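The values are calculated or read from the model by the stated rules, or taken from the named source; none is laboratory data. As the structure is a computational prediction, the values presented were derived from the model and not from experiment. Because the Cβ atoms are built from the backbone with ideal geometry, glycine has one as well, and the counts that use them run over all protein chains shown. Keep in mind that these areas ignore ligands, DNA and RNA; they rest on the heavy atoms of the full protein, side chains included. Shrake-Rupley method; radii C 1.70, N 1.55, O 1.52, S 1.80 Å.
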Amino acid sequence: MLSSIGHALDPDVDAVALHYRHLGVSIVKQLRQGRPIEDILLDRARGYCVSRNDPVTGGVHCAIGSRVSGQDLRTGSGDYVVTSTLASQCPPAVGRALGFSVASKLLQRPAHDKPSTRPISFVSIGDGSMHNAHFLSAFNLARHARYRRIKCPVVFGISDNGMSISYKTDGYTRSLFNLRGDEIPMWSANGTDMLDVYDKTLRATEYSRKKAAPSLLLYKDITRRFGHAATDRQHAYLSEDEVLGMAESDVISAAVVQAVEQQNVGTYAEWLDRFEEIGSGATK
């Protein structure tokens, strides 16, 4: 469902640094930039097997990013390489937001007069990573910029599935940000509803574009379907019913129902054909 974030971002001007679980956002962004899905799948396959032919990293473990129209990131696609499973992508994202206005002056680029054309810096993490010093320092810097009325159009996106590997966060994410008094507005989206995710992300990004100020997005009620990793033994910290209930959660089917029943986009047969077509292409 979080893939709909990619439709709320401007693929041509926005800087994006994603949590490694949010790969779908990068895929949507690349599709909007005209890349064939077959090329995107091949790039990711190379990335997963740490191939030196991976066009994004050249063979680096646990890294995501993208290339556009055959170009690598060094030529600039706005989709930055992230190698962290925690939050080290956050400080550079705030730095980019602070640097937008400075770069325009130093490089004598045309000013973005219309708010709709101004770039924003979008960065995402999981709820467990908000305890990490990289996120806390980055968020504090964004708060300070807002306090001093310094332009800093950064959007923090936090996905909350209630689990930090084996530790249950028990809603602490919402509690933490409900207590803040830093003038950074927060939007809360139902992470199982792709339309709500899109709507709230669009609102937050529009705010940051117009105000050149930080904003916060909380994607809540997300269910982790499987273990944190292949070696994760969920039964050591979850009950049998919890494990089964999580595995039975099917957001893809829910998205198809939403598309067909609420938006009148395609039929169930058409979506099934497309699903099988993509699956077939991925296994070739």
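What are the residue pairs meeting all of these: first residue in the range 140-164, first residue closer than 30 Å to Arg233 by Cα and free of Cβ contacts under 8 Å to residues at least 24 places away in the same chain, second residue among the aromatic types (Phe, Trp, Tyr) and in a helix (DSSP H, G or I), Cβ atoms under 8 Å, and 6 or more apart or on different chains?
Between residues of the range 140-164 that are closer than 30 Å to Arg233 by Cα and free of Cβ contacts under 8 Å to residues at least 24 places away in the same chain and residues that are among the aromatic types (Phe, Trp, Tyr) and in a helix (DSSP H, G or I), there is no close pair.
Would you check if Arg52 is surrounded by 14 or more Cβ atoms within 10 Å (Cβ to Cβ) and modelled with pLDDT under 90? First the steps, then the outcome.
Details: surrounded by 14 or more Cβ atoms within 10 Å (Cβ to Cβ): no; modelled with pLDDT under 90: yes.
In short, no.
Take the range 225-262 and flag every residue that is within 18 Å of Thr192 (Cα to Cα), out of contact with any helix residue (DSSP H, G or I) (no Cβ under 6 Å at 6 or more places or on another chain) and in contact (Cβ under 8 Å) with a residue 60 or more places away in the chain.
Listed by number, the residues that qualify are Val251, Ala254, Gln258, Gln262.
List every residue pair whose Cβ atoms lie under 7 Å apart, where the two residues are 6 or more positions apart in sequence or sit on different chains, the first residue falls within the range 266-284 and is under 17 Å from Ala45 (Cα atoms), and the second residue, located anywhere, is surrounded by fewer than 13 Cβ atoms within 10 Å (Cβ to Cβ).
Gly281/Glu38
Taking the condition among the small types (Gly, Ala, Ser) and either at negative phi or surrounded by 18 or more Cβ atoms within 10 Å (Cβ to Cβ) (or both), does Gly191 pass?
Numbers: among the small types (Gly, Ala, Ser): yes; either at negative phi or surrounded by 18 or more Cβ atoms within 10 Å (Cβ to Cβ) (or both): yes.
Here the answer is yes, as Gly191 does meet what is asked.
I'd like to know if the range 167-184 contains one or more residues that are surrounded by fewer than 16 Cβ atoms within 10 Å (Cβ to Cβ), under 19 Å from Asp14 (Cβ atoms) and in contact with a helix residue (DSSP H, G or I) (Cβ under 7 Å, 6 or more places away or on another chain).
No; the residues of the range 167-184 include none that is surrounded by fewer than 16 Cβ atoms within 10 Å (Cβ to Cβ), under 19 Å from Asp14 (Cβ atoms) and in contact with a helix residue (DSSP H, G or I) (Cβ under 7 Å, 6 or more places away or on another chain).
Among (1) more than 20 Å from the chain's Cα centre (by Cα); (2) loosely packed, with under 13 Cβ neighbours inside 10 Å, where does Phe226 come up short?
Looking at each condition in turn, Phe226 falls short on (1).
Somewhere in the range 14-31, is a residue more than 29 Å from Arg209 (Cβ to Cβ) and modelled with pLDDT of 80 or more? Write out each step before concluding.
Let us first name the residues in the range 14-31 that are more than 29 Å from Arg209 (Cβ to Cβ), namely none.
No - not one qualifying residue is present in the range 14-31.
Only residues in the range 178-189 that are modelled with pLDDT under 90 count as the first member; pair them with residues that are open to solvent by less than 80 Å² (accessible area, probe 1.4 Å), Cβ under 7 angstrom, at least 6 apart or cross-chain, and list the lot.
Every condition considered, the pairs that remain are Asp182/Arg146; Glu183/Arg146.
Of all residues in the range 118-152, how many are open to solvent by 10 Å² or more (accessible area, probe 1.4 Å), out of contact with any Ser or Thr (no Cβ under 7 Å at 6 or more places or on another chain) and part of a loop (DSSP other than H, G, I, E, B)?
Total meeting the criteria: 6.
Exactly one of (1) open to solvent by less than 90 Å² (accessible area, probe 1.4 Å); (2) in a helix (DSSP H, G or I) is unmet by Leu238. Its number?
Leu238 satisfies every listed condition except (2).
Among residues belonging to the range 247-261 that are farther than 16 Å from Phe275 by Cα and part of a helix (DSSP H, G or I), point out the one that is most open to solvent (accessible area, probe 1.4 Å).
Kept after step one, since they are farther than 16 Å from Phe275 by Cα, are these residues of the range 247-261: 247-249, 261.
Restricting the remaining residues to those that are part of a helix (DSSP H, G or I) gives 247, 261.
Values: Ala247: 34, Glu261: 118 Å².
Among those that are farther than 16 Å from Phe275 by Cα and part of a helix (DSSP H, G or I), it is Glu261.
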